[in-house]
Each structure stands twice: as structure tokens, then as C-alpha cells.
Amino acid sequence: MSGIKRLILAASMLALAAPAFGFFVDPKDRAGENRDVIVIDPGHGGHDSGAVGPGGLEEKTVTLAIAKTLAEMIKERCGCKVLLTREDDTFVALRDRTAFANRNKADLFISIHTNAAPKKGVDGFETFFASIDATDEDARRVAELENSSDSHGGVTPAEAEDLKDIIRDLESTASNHESSILAEAIQTSLLKTAKGEDRGVKQAPFAVLISADMPAVLVEVGFITNPKGEKRLDSKKVREEIAGSIVEGIVGFRKMFSKEKDFIGYLNSGEESRN
Ligand SMILES: [Zn+2]
């Protein structure tokens, strides 16, 4: 899908999501701070290396580096409060990552990963939001890989059944619409800097996304199993470019909802002047 088509789609999805949206309309008071809270989740860590490239580069290293750069960039751009689910090479279970975001009343949750494929030639980037059914076989495979990547935070078959019920509820909520818009905004922005195939916005049952109370996405920034991809992901410059694109996506998403807030404010002021 082209960037322009994506933006049109995102705008029309916004129209559907807007009535129930509370991100800017109803700011929460967090101990005197009315700042937006964004939780960045660097995938894997500790004994869970995530995917490993042919040259030995580990996913957990790339995701932490991008997440830290991203955190700094977000703070600079929007003055938001940014929290990381891990700040160093430690293991954090999948469910604890989402629980951390919920506990901190995050407004957005962004999980960073690098992709893996059995065929070394596969390249590109994709952004996911949660749903029961995967968009396609590839999306299902990525979710399975990320869900089973650690023995403590992974999802057992019994848990997966329970999760289906949770996702059914989730799919009818406003925050899932918002997740899809956030995913579109980030994927569109990544088109400018990320290399390889635009694999698009997809849906799949990711354990780390499904119990998030806020708009939540998982970005697969590139294939670490591709020798060229691994080389790119090892570069500080490329990591900064990727982080920069994700920031642009977040800023675009926030702008859409700021306009919505202004519009609701305008409607309310009309209401007051008539009374
Ligand atoms: Zn991963």
C-alpha cells in the first residue's frame, strides 16, 4: 500500500475511533503531571537473546539500542514521559512488560523487535497490532516466534485459549482502533528510512500486546537473519534513522488526536455560548 493510501486509511480509521478516544480529550492527572506517558519495550533480554544474525548479532542488543535512542528522541520532540520496560540486558517476561505499561497508565505502548526467517534473503519491515487471527501465514509465524521466545514469559496452549477471549473483547474496544492507526502511522513513517520490502501493517495474536490497556503496537524493524539486514541493524546511524522514523509516526498519530481534541473543544465552547 502506498504512503498516501495509508494516510487516507489512517484518517478514515480515526473517524471511526474518535468518539471513544480518551488520549488527549481526558488528560489524566499523574501526581501533578499531565504529560503523556509512552512505554517503549525493547524485545527480549538476559538469557533470551531473541533472533540471532548469521554474524552473531543478537536481537536483544539491537532492540535495546533502538529503544534508548527512541526514548531520548521522544522526550526531545514531545516532552512526554518515556519509560522503558528494561534499561539493560535483563530478562523481563512478556506479561510483565504489558503489566508495567498498565501500572504506569501509559498512553502508548511500543514494542521493538527484529524479525527472523528461515530464508536468509527475506528482508523488510512490518508493524503489528493485536488480533485473534493473523493477517497471513507469515504474521502467524512472527507472533508464534515472539510468543515462544522465552520459557517463562511465553504462552502455553492453555493460556492461548484464555487469551482468545481477551482478544475478542479487545477487538471491540476503541484502543484497538487506535492501535491500528498508530501502526499505520509508524509503518508509513518507516517507509522513508527502513530498507527492504514494505511488508505493511499486520495483525496477529502477540502475547505482549493483548493485555495492554492503551494503543499498543509491535514494530519489526528489519530481518536480523538477512546478512545485509544484520549489517544495517548493527549500524548506529541506521538505528538512529529507524528511531527517528518511529518518532515521526508517533508525532503524526498525536497530531491527529490533537486536532480531534481541538474539534471537541470547539463543539463544547459552542455548547456553552448557546447556554
Ligand atoms: Zn523479537
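Every read-out reported here was derived from the displayed coordinates using simple, explicitly stated rules and does not represent laboratory data. Just so we're clear, the structure is a prediction, and the values are computed from it rather than from any experiment. Cβ atoms come from the backbone with ideal geometry, glycine included; neighbour counts cover every protein chain shown.
Below, the figures for the structure above:
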item: Out-of-range pairs (alpha-carbon distance over 22 Å; input Lys202/Lys237; Lys192/Lys255; Lys120/Lys231; Lys81/Lys237; Lys119/Lys228); result: Lys202/Lys237; Lys81/Lys237
item: Peptides ranked, highest mean first, by Cβ atoms within 10 Å: ranges 218-229, 75-86; result: 218-229, 75-86
item: 5 angstrom amide H check on Asn115, placed H, neighbours 5+ away; result: Val221, Gly222, Phe223, Ile224
item: Amide H contacts under 5 Å for His44, placed H, 5+ residues apart; result: none
item: Highest average packing first - 205-211, 89-95, 174-180, Cβ atoms within 10 Å; result: 205-211, 174-180, 89-95
